[in-house]
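What follows draws every value from the coordinates through simple rules; no lab data is involved. As the structure is a prediction and not an experimental result, all values here were calculated from the model. FYI the Cβ positions are ideal-geometry reconstructions off the backbone, even for glycines, and counts take in every protein chain you see.
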Amino acid sequence: MADNEDEREAELEAGRMPLLDHLIELRNRLMWSAAAILVAFGVCYQFKEAIYRFLAWPLAQIFAGQADRKMIFTGLTEAFFTYIKVSFWAAICIAFPVIAVQVWKFVAPGLYKNERRAFLPYICATPILFLMGASLAYFVVIPYAFRFFLSFETPGVDGSLPIVSEPKVNEYLSLVMTLLLAFGAAFQLPVLLTLMARAGIITSQGLISKWRYATVGMFAVAAVLTPPDVVSQTSLAIPLILLYVLSIFSCRMVERNRARREAEEEAALSGGGGAATGE
């Protein structure tokens, strides 16, 4: 036991550095991340029309066959800055692996070897869960929500003026990008809860006992992140509830591994103590 502790301390001591070196390391990681974003932005701006078509696809599918449908912009600079925003959003998504690697390289020296091995699965799971959440928003929630909003169009009858949707390109793209990011971030729930369990902040039993409050909280989060209709809110709330259940099992595995490790260390300590007593 003592040997293990000494080995861990030596390992951690080897990764320590003065405060100034930490600040220099942080600056270097931030510079690499910023450079990755700038390079990705330059590439994405060259394909801004393709990115726009990708983001506009859900609405284009709804408007398919209606030749008079269009999106508008009302400010002279609105379209230009919209393309800038779209390119920057895509650059963040593309540069995310580089940013994640830089964060990992900054944090990893302060962790024990076993902690680094334990964190790697969570780092790998983060982009997968983000893509799952963004895909749910793109292929399910956004089409259903937009169909709901467009159902309020009204033809002009009896001399009244019709209500026709002509979305502003800036508002539409901002809404789509916000939904994709919100769903992707919400799907990080298992990673967050499992890391909290590893830190001893929460327990699986505590999550089970609070499931009613969690369910209400999921629907509240869904109401904030999605448009105000039942379909889109439920489309986010139900996956979040399922992810909450998955987090309970993940936290229980963490607790079992911790209990087994502590039992092994206690057995090793007892064995060492018995040997010393026998001598």
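Cβ-Cβ distance of ALA50 and ILE24, R₀ of 35 Å, FRET efficiency by 1/(1 + (r/R0)^6): the value works out to about 0.35. Here LYS168 and ILE238 are evaluated by their C-beta separation; at R0 = 30 Å the FRET efficiency comes out at 0.45.
Please return the longest stretch of the chain lacking exposed loop sites, where trypsin sites (Lys or Arg not before Pro) count only if DSSP places them in a loop and at most 14 other Cβ atoms lie within 10 Å. Longest run free of exposed loop sites: 71-209. Note on SER135, SER204: ascending count of other Cβ atoms within 10 Å places them as SER135, SER204, the fewest first. Note on THR178, THR154: ascending count of other Cβ atoms within 10 Å places them as THR154, THR178, the fewest first. The label point for PHE80 and the one for ASP158, both projected 7 Å from the Cα toward the Cβ, are 4.8 nm apart. Using only side-chain charges placed at the Cβ, +1 for Lys and Arg and -1 for Asp and Glu, the dipole size of the chain relative to its Cα centre rounds to 680 debye.
Modelled label positions at VAL230 and ILE128, each set 7 Å beyond Cα in the direction of Cβ, lie 3.5 nm from each other.
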